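**Student:** To start, I am sharing the structure in question, which I have written as structure tokens.
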Amino acid sequence: MLQAAIEECGARVDCGELPVVLADPTQLAQLFQNLIGNALKFRSEQPPRIRVSARQQGDEWLIEVVDNGIGIEPEYLKRIFGLGERLHSASKYPGHGIGLATCEKIVQRHGGRIWAASAGPGHGATIFFTMPAAS
């Protein structure tokens, strides 16, 4: 779904082996589309580099989406999941501010958690989320 945008900006998306999780496939696709789409949108001067990986922690999987984009000021890391929250003007980065709020709802609906980390502007960002492991 994002192939044209990936090619247009010269992005590279690397994906490690991903697990089987207990999740609605359509919602899981939307979750990854939003997260990778944000990494493409909020890119730095360098071509986007996005890495998706997972590791099991007990009865759940921790999934990470790491990018080399513009980064996030640490004080805004919790705020980015709010409905309609925007850290940048719509003229600079188009959108409605609902992508990460949608991601949070999808993850919560499946019994998981979602959060972000960044060393600040210019250092990229990592979105972490958990999903229950399939039995």
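The values are calculated or read from the model by the stated rules, or taken from the named source; none is laboratory data. Bear in mind that the values here come from a model prediction, so they are computed numbers and not experimental data. Virtual Cβ from ideal backbone geometry, glycine too; neighbours counted across all protein chains shown.
**Student:** Residue 14 fails exactly one of the following numbered conditions: (1) touching a Pro at 6+ places or on another chain (Cβ under 6 Å); (2) in a strand (DSSP E or B); (3) farther than 24 Å from residue 109 by Cβ. What is the number of that condition?
**Tutor:** Failing condition for residue 14: (1).
**Student:** Please specify each residue of the range 1-11 satisfying the condition of being touching a helix residue (DSSP H, G or I) at 6+ places or on another chain (Cβ under 6 Å) and assigned to a helix (DSSP H, G or I).
**Tutor:** Hit for the range 1-11 is 5, nothing else.
**Student:** Of the conditions (1) at pLDDT 90 or above; (2) more than 21 Å from residue 133 (Cβ to Cβ); (3) surrounded by 15 or more Cβ atoms within 10 Å (Cβ to Cβ), residue 81 clears all except one; give me its number.
**Tutor:** Looking at each condition in turn, residue 81 falls short on (1).
**Student:** Give the residue, chosen from 23, 39, that is under 18 Å from residue 114 (Cα atoms), assigned to a loop (DSSP other than H, G, I, E, B) and small (Gly, Ala, Ser).
**Tutor:** Step by step, each of 23, 39 is checked, and only 23 is under 18 Å from residue 114 (Cα atoms), assigned to a loop (DSSP other than H, G, I, E, B) and small (Gly, Ala, Ser).
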